[in-house]
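Only one structure is covered here, and it is reproduced in the block below.
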Amino acid sequence: MSLVRNVGTIGGLTLVSRVFGFARDMLLARVLGAGLAADAWQLAFTLPNTFRRLFAEGAFSVAFVPMYTRRLHDEEGGGDAAADHFASDVLSVFVWVLLAFSALCMIAMPGIVWLLAREYQDIPGKFELSVWLSRVTFPYLALVSLVAMLSGVLNARSKFAPGAFVPVLLNIVMIGGIVTGWYLRGDSGDDMVVAWALAISLTLAGIAQLAYMGWASRRAGVHLRIKVPAFTPEVKRLMMLMLPATFGAGIYQISQLVDTFFATSLPQGSLTLLKLADRLNQMPLGVFGIALGTAILPMLARHIQANNKSEAQRLQANAVEIAMLLCLPCAVALSICAEAFTAGIFQGGKMTPADTEIMGNIVVALVCGLPAYVLVKVFQPAFFSREDTRTPVFVAAGALLINIALNFYVVPRYGIVGLAAATAITATLNVLSLYTILQLRGWFHLSGKLAGRITRQLVATAVMGALLWWLTPVLEPFWRGGALNRIWSLAALVAAGGVVFFATAYLVGALDKDLVAQLRRKRPAPVSDQSN
């Protein structure tokens, strides 16, 4: 499958998930607002979710997928059977590690919450609620980590749809949790009922996701089994690769924990506003960035295994071009229309206009780093596919230290908006460092053709930005109005921006004809033997 089609499959299903995610957060904002129970829930959701992205979808995937891919495509070494045997060895160890880690964290949860949110102790009941909700949600980590492993197995087999679909199940089950909590709360106004229903629904969602991925794996012909755990040489190598990858692949997630620590020291509701604002930032990041990173890793590993440097360069250049083509207009559109989106989507019920105004400022700060967030997902596979998980560690360590230093400076002065801006600055420094190293090692370089294409994309983005700058205030009475007015006015902003951007991009030559041709193909282009 071509990179474009793989990204299209993953990104399309991720977009469906994000739509359900917005529906979930719209309900959550109206039912809980930005108060005590909302902050406690956001912390309880952040802990397993961050560890999931850091370990399961980050460190584990980037170390496991290249190793599994090599065995899968090594016919002399056993092919499918050898790959599944390796995966079964990993699974047999992975299950017990997850259970032990989850149990220890649940026991130590009061200490973990204290480290991240010690100021919650100053508000009666908030710290205790955060601890108990975190204990209920933490089993989700073990469940979704197994889901991530099965997704990696299927991704290596170029079956990206099941792994991209499982987040849809998460959002559907959690929407059910919000509705159930709202119904059980009734007229009592007890937000804790909703928070408890959400926490329980998260673990139930993990069970549903694991059941679905188990079924999808069997259907794809994957045969894994849990046996007596054994630390084989391959498993030991995987663990050694995971140690640095935990840090290198997870700078964004580690920054999220750092941001959570600082956000909990700010006025009540700050953590909730930050997390909801990040949902808008996560839309293009999840649809484009994660899709590109997921699709490029096994493909790049195959080219590097075949010592096909030209194809590796071409693949990475295509990924950068697609990333910039999609995230540049998203970043500009979100920054210009931030207040329209936050008010139009989240305002209502317990979410006040003052809350959404702050949220809009957070969005502007966050999306300044959107191109960097996406490009990190494109550049890191160049290291991971070569089993170099150490270099991103040093880059990430420097970026994280700068992030912490910036937070100590900006948070007391600029509050939650300064916190978001520090994250964007850190991500930009991270991606510039990664690119510099790639160029120095001869693994990737920005060609004149690619630079010219990105320049044309910037021209198209500027034209779109000018339109949105004029149109957003014109439609303000509507995106602040009733439900139907909000829907059509926000849809009009998105449609107008999209049409103007792609029309201008076509006219100025910002669209690569080869990539457009791949999108139009009914079948994937044949892959040469050399690239296998």
> Residues of region 408-426 being touching a Gly at 6+ places or on another chain (Cβ under 9 Å) and surrounded by fewer than 23 Cβ atoms within 10 Å (Cβ to Cβ), which ones?
Replying inline: 409, 410, 411, 412, 421, 424, 425
>> Being within 25 Å of residue 154 (Cβ to Cβ) and either at pLDDT 75 or above or touching a helix residue (DSSP H, G or I) at 6+ places or on another chain (Cβ under 7 Å) (or both) is the requirement here; does residue 372 meet it?
In response: no
>> Can you pull out every residue in region 373-405 that is buried (at least 18 other Cβ atoms within 10 Å of the Cβ), within 27 Å of residue 270 (Cβ to Cβ) and among the aliphatic types (A, V, I, L, M)?
In response: 374, 376, 396, 399, 400
> In the list 341, 383, which residue meets the criterion of being within 22 Å of residue 437 (Cβ to Cβ) and part of a helix (DSSP H, G or I)?
Replying inline: 383
>> So, in region 170-196, how many residues would count as being among the small types (Gly, Ala, Ser), assigned to a helix (DSSP H, G or I) and surrounded by fewer than 21 Cβ atoms within 10 Å (Cβ to Cβ)?
In response: 1
>> With the requirement that a residue be open to solvent by 30 Å² or more (accessible area, probe 1.4 Å) and closer than 16 Å to residue 174 by Cα, what does region 204-216 give you?
In response: 204, 207, 208, 210
> Would you pick out the residues in region 179-224 that are more than 29 Å from the chain's Cα centre (by Cα) and of a type outside the set (Phe, Trp, Tyr)?
Replying inline: 184, 185, 186, 187, 188, 189, 190
>> Return the residues of region 92-131 that are surrounded by fewer than 16 Cβ atoms within 10 Å (Cβ to Cβ) and among the β-branched types (Val, Ile, Thr); say none if nothing qualifies.
In response: 97, 107, 123
>> Taking the criterion of being closer than 21 Å to residue 43 by Cβ, open to solvent by 40 Å² or more (accessible area, probe 1.4 Å) and of a type in the set (Lys, Arg), would at least one residue in region 144-159 satisfy it?
In response: no
> Out of all the residues in region 97-115, which are under 14 Å from residue 239 (Cα atoms) and in contact (Cβ under 8 Å) with a residue 24 or more places away in the chain?
Replying inline: 98
> For the subset of region 430-464 comprising residues that are more than 24 Å from the chain's Cα centre (by Cα) and among the small types (Gly, Ala, Ser), which member is surrounded by the fewest Cβ atoms within 10 Å (Cβ to Cβ)?
Replying inline: 448
> Which number in (1) at positive phi; (2) within 19 Å of the chain's Cα centre (by Cα) marks the one condition that residue 370 misses?
Replying inline: (1)
>> Just to be sure I understand, how many residues within region 437-463 are under 13 Å from residue 318 (Cα atoms) and at pLDDT 95 or above?
In response: 0
>> Tally up the residues in region 425-473 that are in a helix (DSSP H, G or I), closer than 20 Å to residue 508 by Cβ and among the small types (Gly, Ala, Ser), please.
In response: 7
> Which one of the conditions (1) modelled with pLDDT under 85; (2) in contact with a Lys or Arg (Cβ under 9 Å, 6 or more places away or on another chain); (3) surrounded by fewer than 19 Cβ atoms within 10 Å (Cβ to Cβ); (4) within 19 Å of residue 154 (Cβ to Cβ) does residue 88 fail to meet, given that it meets all the rest?
Replying inline: (1)
>> Looking at region 406-433, I want the residues that are closer than 18 Å to residue 254 by Cβ and have a partner that is among the aromatic types (Phe, Trp, Tyr) with Cβ atoms under 8 Å, at least 6 apart or on another chain. Which pairs are those?
In response: 407/262; 411/262; 419/262; 421/414; 427/252; 427/373; 431/379
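The values are calculated or read from the model by the stated rules, or taken from the named source; none is laboratory data. The shown structure was predicted, so the numbers you read here are calculated from the model rather than taken from an experiment. Heads up, the Cβs are rebuilt from the backbone with ideal geometry, glycines too, and the neighbour counts pull from every protein chain shown. In case anyone asks, the SASA skips ligands and DNA or RNA and just uses the protein heavy atoms, side chains included. Shrake-Rupley method; radii C 1.70, N 1.55, O 1.52, S 1.80 Å.
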